[in-house]
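What follows is a set of notes on a single structure, which appears directly below.
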Amino acid sequence: MLIGLWIHDELTFNQYHENYEHIAQVKRQENRRGKAERITSDYQVTALGTLLKNGYQNHFEQVVMMRQLEEWVLATDTKSFAEEGHFMQWEGAEMFSLKMLHGSQEGLKEQKSIFLSQTLAKKLYGQTNPINQVIKLAGSVEVKVTGVYEDLPNSSRFHEATFFSPLSLYFALTNQDENAWDNYNIRIYTQIKETTNFATATAAVKNELANHLPEDRVTLVKPAILLQPMKNWHLYNEFDNGKIATSQRLQFVWFYGLIGLFVLLLACINFMNLSTARSEKRAKEIGVRKTMGSQRGQLISQFLSESFLVALMSYGVALFLVKMNLFWFNEVADKEIILPLSEPLFWLTGLGFTLFTGVLAGSYPALYLSGFQPVKALKGTARTGDYAALPRKALVVFQFTISIALIIGTLLVFQQIQHTKNRPVGYEQNGLIMMPKATSEAYKKVEILHEALKKSGAVIEAAQGNYPLTNNRGNNQGFEWPDKDANIDLTLNTISINEDYGKTVGWELLAGRDFSKDFSTDKSGVIITESTRQAMGLTDPVGVQLKYKYGHQGINNFTILGVVEDLIKANPYEAPMPAIMFLGEKGFGWQFFRLNPQMGTREALAKMEAVFKEIVPTTPFDYQFMDDAYQRKFAAEERIGQLAAVFAGLAILISCLGLFGLAAYMAEKRTKEIGIRKVLGASVGNLWQLLSQEFILLVIIACLLASPIAYYFANNWLTDFVYRIDISWFVFLVVGLIAVGITLLTVSFQALRAALMNPVEAIKNE
């Protein structure tokens, strides 16, 4: 039931938005580095959004441009918070059906306006209606609250936003143009008219980029536009060479779905095994019933009814357990799932699945037991020797094959996560914190602030950059160097920093030197990463001259000063993005601090906060430790691993419960044999070995079957990662030994209990 609720949440992502069926995101596809490989990007030029809005009104109901998840400080007279929000054109409120608690969806028509989420409105104003209240953005820009909207659920693409503000305001504050064809910095969303469809609209706008970009760039990258429907954003949002690929999210939906079915199947197998194993207890009952005229169909109905009754009782218990554990499950899965007890479909699905489970679990025992011949049943000869036990053995092997494969897969997931966590990141994380400047006050007083922090002793180094160390924003092309292949247009992560950046973050210099305040010519110098050197094909890059088509701070010609180790900023499982660092002078949005290792962290942070309050009092002391920020990149995979571990543990527990029951039955069945063996001199150890070896053999067979299955699926999963582990045979050996150990523990209790029984009690009725 938990897995079913999780899968339902994944499949209904973004359906909170009323126009779900008609909304699409504009994506851009082009060749990578002039080669045949196609890349797909979310980021577009602003002029394209303007063109689609004004030129394709017969296809689109709405076209909305958005700058997503910008972090800004929002301050009232008494409170201030660093919050993430979206800047979008005012029509977006209607397109995405924001549910307004105060104000109207047209409230963003005013340039200096803002919508607050319900939660943020309470943080800033409590229970007071905030409409027409004035908030300061970045400490200086006054905007008026024109609306409060209902918090977007976790199952919405936009749920992380705590505010919406006009895109025109963002452009005004950052000096950007709504009609630029050379800056890919926004996302475009469309709502198609009901009279058209996504394929028709895509065909109409597909070549608009090619029609407006320079001819040489069009020839090189062959750009095209694609409209991706909202229903595909969550599970079908990954592309491979321009085609929709099976995303990890979709793989997890299948993975969890299979786990759920397997766990249920294991429980059904237990029911089958124990029902057929204890068939002798009911053989005489069946014989008498058949002699008295019962038809086989009646017996089958009886046994299926018993099975369904057990399943129905289990369904009631399951509802209670799910209700009790839903909070924990949501915490682990990062969901907001609720039990939809008021939905008829939930009850129909649950009861239908329960009926299916009852039939699945009871079908084989019903057919098996109802097939006994009355004469043999009454004589007590209904058994068919070893052949009767063969299906039970096969089902035990199947149970443990699935359980062992799940455990191996779970361990490999954790190994991959740990392997990537230990990957060199190119800078020293410990003791490094970063924060946005956030306010105009922080921009103006940054040098004074950094000097004061150093004097306080809390900080030994301070630096600035235009982007955080946790993403690959700012990618550009247009670089030229000696002997460059004319068919390659290399994309580089373009970063602007000051002279203290390298020693503050602690990057590793591989060749050449770092930026220095001692050389005024460094403003025309650059530092590249190792992957950039490899992509350029340079053996000795120091001193090589570069040309940058778009320039940096008015300079187009640069000299490579040094090479540093790759910085792992975005996805830690992927290859590092080639990067280039320019020496900047202003416009840095982020600052970085190296804490004094001779001072306790708590003391250092307290001193830093005091300095902030003294010099930049309107700027929140909103910092991130770099090691924590990096660890958060593993959250999704860790959640998958934790849930898989829970369900793998449940699978092995269910398998062991069945094994425990079978062992108890086998021990009871062989009671007289055990008594005779003890009388003839068999030791407890001999009897324990006799009763255990059959089950150990079955589990060893399961290990041999599970290993190649687990290897196949784990290896396929790992192919998605550039930085990955090598699958070791040691994992399979350890899991096999664990499975055998668990089996011994499970079986030994019953085996030793039977072996220690008084032989007189065992054979006195013979």
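A Cβ-based charge dipole, computed about the Cα centre of the chain with Lys and Arg at +1 and Asp and Glu at -1, lands at about 3240 debye. Treating r as the C-beta distance of V646 and D216 and R0 as 60 Å, the FRET efficiency rounds to 0.60. Taking +1 at the Cβ of each Lys and Arg and -1 at the Cβ of each Asp and Glu, which of L169, F255, I225 sits farthest along the dipole of the chain towards its positive end, judged by Cα position relative to the Cα centre? Checked the options; the winner is F255.
Give me the tail of P(r) for the stretch 3-52 as a percent: Cα-Cα pairs with distance above 13 Å. Taking all Cα-Cα pairs of the stretch 3-52, the fraction more than 13 Å apart is 73 percent.
Any number yet on Rg/Rh for the stretch 234-305, C-alpha, Kirkwood? With Rh from the inverse mean 1/r over Cα pairs, Rg/Rh is 1.42. Overall size of the stretch 393-551 from C-alpha positions, given as principal axis extents largest first: 80, 51, 29 Å. For the pair K323 and A394, label points projected 7 Å from Cα toward Cβ lie 4.2 nm apart. The dipole here belongs to the stretch 432-633: it is taken about the Cα centre, uses +1 on the Cβ of Lys and Arg and -1 on the Cβ of Asp and Glu, and is about 520 debye.
Applying a length cut-off of 20 Å (Cα extent along the axis) and a mean Kyte-Doolittle floor of 0.0 to the DSSP H helices of the chain leaves 248-277, 296-333, 344-369, 386-421, 635-669, 684-718, 729-755.
Considering every alpha-carbon pair of the stretch 612-766, the percent of pairs per 10 Å bin, from zero through the bin containing the longest distance, is 9, 25, 21, 15, 12, 9, 5, 3, 2, 0. Which residue, V63, F713, F303, has the largest displacement toward the positive end of the dipole of the chain when charges sit on each Cβ (Lys, Arg +1; Asp, Glu -1)? So the residue furthest toward the plus end is F303. For the stretch 177-243, the Cβ-based charge dipole about the Cα centre amounts to some 320 debye (Lys, Arg positive; Asp, Glu negative; other atoms uncharged).
In the distance distribution for the stretch 432-633, Cα-Cα pairs more than 20 Å apart total 58 percent. Candidate cross-link partners of K517 among the lysines, defined by an alpha-carbon separation under 24 Å and a same-chain spacing of 8 or more, comprise K437, K444, K445, K454, K455, K503, K547, K586.
Farthest toward the positive end of the dipole of the chain, out of A575, P617, F647, is the Cα of F647, where the dipole comes from beta carbon charges about the Cα centre.
For a label point 7 Å from the Cα of D540 along Cα→C-beta, name the residues of the stretch 460-483 whose backbone N is under 20 Å from it. Once the point is set 7 Å along Cα→Cβ of D540, 481-483 turn out to lie under 20 Å by backbone N, inside the stretch 460-483.
Determine the relative contact order of the chain: mean sequence separation of Cα pairs under 8 Å and six or more apart, normalised by residue count, in whole percent. Reported relative contact order: 14 percent. Against the compact-protein benchmark of 2.2 N^0.38 Å, the Cα-based radius of gyration of the stretch 2-245 scales to 1.07. Measuring r between the beta carbons of V359 and E331 and using R0 = 25 Å, the FRET efficiency lands at 0.10.
Scoring 537-543, 679-685, 51-57 by mean Cβ neighbours within 10 Å over their residues and listing the highest first yields 51-57, 537-543, 679-685.
Taking the number of Cβ atoms within 10 Å of each Cβ as an exposure proxy, the fewest-first ranking of H552, H419 is H419, H552. Taking all Cα-Cα distances within the stretch 658-717, those exceeding 14 Å account for 67%.
Where a number appears in this text, it was derived from the coordinates with a stated rule and is not lab data. Quick caveat: nothing in here was measured; it's all calculated off a predicted structure. Note that we place each Cβ from the backbone using ideal geometry, even for glycine, and neighbour counts take in every protein chain shown.
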